[in-house]
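The values are calculated or read from the model by the stated rules, or taken from the named source; none is laboratory data. The model shown is predicted, which means the values in this text are computed figures rather than measured ones. Cβ sites come from the backbone with ideal geometry, for glycine too, and all protein chains shown count toward neighbours. Remember, those area values only see protein heavy atoms, side chains included, never the ligands or the DNA or RNA. Shrake-Rupley method; radii C 1.70, N 1.55, O 1.52, S 1.80 Å.
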Amino acid sequence: MSRHRVVSHERIEGVFWVTQPDGTKKLATINLALGRSVYGEKILQFKGREYRLWDPYRSKLAAAIHRGLDSVPLWRGEKVLYLGAASGTTASHISDIIGLEGRIYCVEFSQRVMRELMGHVAAYRPNIIPILADARKPEDYRMTVERVDLIYCDIAQPEQAKILADNSDIFLKDGGWIMLAIKASSIDATKAPSEIFRREIATLENRGFLGLRQISLEPYDKAHLMVVAQYRRRSREE
Ligand SMILES: C[S@@+](CC[C@H](N)C(=O)[O-])C[C@H]1O[C@@H](n2cnc3c(N)ncnc32)[C@H](O)[C@@H]1O
């Protein structure tokens with residue numbers, strides 16, 4: 001019998017709290033690719049289901065949930081565009097949450113990590129569509145990606161907010177959501193993180209994003225902020 005206890009997250013569908021035998025609590029998602037771990041995370045069985053623990057030190061989305069983000073704009077069946085998917089740590093948990101009816105388009109420009117994403121993760125998860133491309137050039141994958149409900153952006157690059165807004169204008173539904181992980185040191189290591197965060201947020205506000213919510217990812221990621229906001233598609237006259 002499993003010595004773990006699993007309960008649904010209070011607010012977020014498809015996300016669970018696992019209480020381990022030593023009493024500590026970890027996040028988890030239901031494993032879509034049975035028996036396969038993606039980044040060495042623990043797999044456990046509970047009441048006929050297989051769960052993968054979700055490490056907040058490896059995934060900024062898990063860190064944001066641990067830090068109190070209690071409504072993640074992510075539901076079963078959704079279409080997601082993921083900018084900066086790397087080898088699929090966070091993307092794999094999103095793949096678990098949206099399930100086989102959903103789709104996650106994973107844009108990544110490093111050939112080396114793309115190979116890992118394809119061979120180790122996407123090969124076992126039919127809802128992951130890997131795209132080797134530069135997120136600064138959304139025109140290059142315009143024909144591959146459909147209109148999406150959420151864009152998740154974690155490219156650790158200067159001008160992240162602009163890149164995300166440019167992608168939103170092409171791919172995001174009116175009323176859709178964005179999640180942006182901002183790493184201050186990747187944008188400008190000489191400036192205070194608060195200044196960098198303010199600048200990126202101002203870009204999002206100027207580009208039509210509403211109801212911005214900010215979550216510091218400390219202590220899991222130093223000087224990182226997760227921003228969640230809703231998109232309002234502008235008419236041509238605006
Ligand atoms: C911090 S890592 C992402 C980690 C990943 N989000 C996770 O949680 O599993 C940033 C990734 O973005 C990729 N990247 C950076 N700039 C990019 C760009 N312009 N287009 C596509 N990918 C980019 C990098 O190659 C790197 O793999």
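Structural remarks
- Condition broken by residue 141, with the remaining ones in (1) open to solvent by less than 80 Å² (accessible area, probe 1.4 Å); (2) more than 14 Å from the ligand (Cβ to nearest atom) satisfied: (2)
- Segment 58-68, residues that are in a loop (DSSP other than H, G, I, E, B) and surrounded by fewer than 21 Cβ atoms within 10 Å (Cβ to Cβ): 58, 67, 68
- When residue 143 is tested against the conditions (1) at pLDDT 95 or above; (2) under 28 Å from residue 222 (Cα atoms); (3) over 17 Å from the mean Cα position of the chain (by Cα); (4) in a loop (DSSP other than H, G, I, E, B), the lone failure is (2).
Listed here are the residues, each with its yes/no results for (1) over 13 Å from residue 88 (Cα atoms); (2) of a type in the set (Asp, Glu).
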position	(1), (2)
101	yes, yes
107	no, no
116	no, yes
128	no, no
131	no, no
136	yes, no
141	yes, no
144	yes, no
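- Residue match in segment 42-57 (condition: of a type in the set (Val, Ile, Thr) and buried (at least 21 other Cβ atoms within 10 Å of the Cβ)): no
- The set of residues in segment 88-111 being near the ligand (Cβ under 9 Å from one of its atoms) and not in a helix (DSSP H, G or I) consists of 88, 107, 108, 109, 110.
- Test: residue in segment 116-134 that is over 27 Å from residue 31 (Cβ atoms), within 12 Å of the ligand (Cβ to nearest atom) and either polar (S, T, N, Q) or in contact (Cβ under 8 Å) with a residue 12 or more places away in the chain (or both): yes
- Check on residue 210, within 14 Å of the ligand (Cβ to nearest atom) and either assigned to a helix (DSSP H, G or I) or at pLDDT 90 or above (or both): no
- Residues in segment 30-48 that are assigned to a strand (DSSP E or B) and free of Cβ contacts under 8 Å to residues at least 40 places away in the same chain: 43 alone.
- Residues that are open to solvent by less than 50 Å² (accessible area, probe 1.4 Å), part of a strand (DSSP E or B) and touching a residue at least 12 places away in the same chain (Cβ under 8 Å) within segment 11-29 comprise 16, 18, 19, 27, 28, 29, listed in sequence order.
- Criterion (modelled with pLDDT of 95 or more, open to solvent by less than 80 Å² (accessible area, probe 1.4 Å) and part of a helix (DSSP H, G or I)) met by exactly one of 196, 155, 170: 170
- Residue 85 within 14 Å of the ligand (Cβ to nearest atom), assigned to a helix (DSSP H, G or I) and open to solvent by less than 20 Å² (accessible area, probe 1.4 Å): no
- Boolean, residue 189 is modelled with pLDDT under 95, within 14 Å of the chain's Cα centre (by Cα) and surrounded by fewer than 19 Cβ atoms within 10 Å (Cβ to Cβ): no
- Exactly one residue out of 63, 85, 33 is touching a strand residue (DSSP E or B) at 6+ places or on another chain (Cβ under 7 Å) and among the small types (Gly, Ala, Ser): that is 85.
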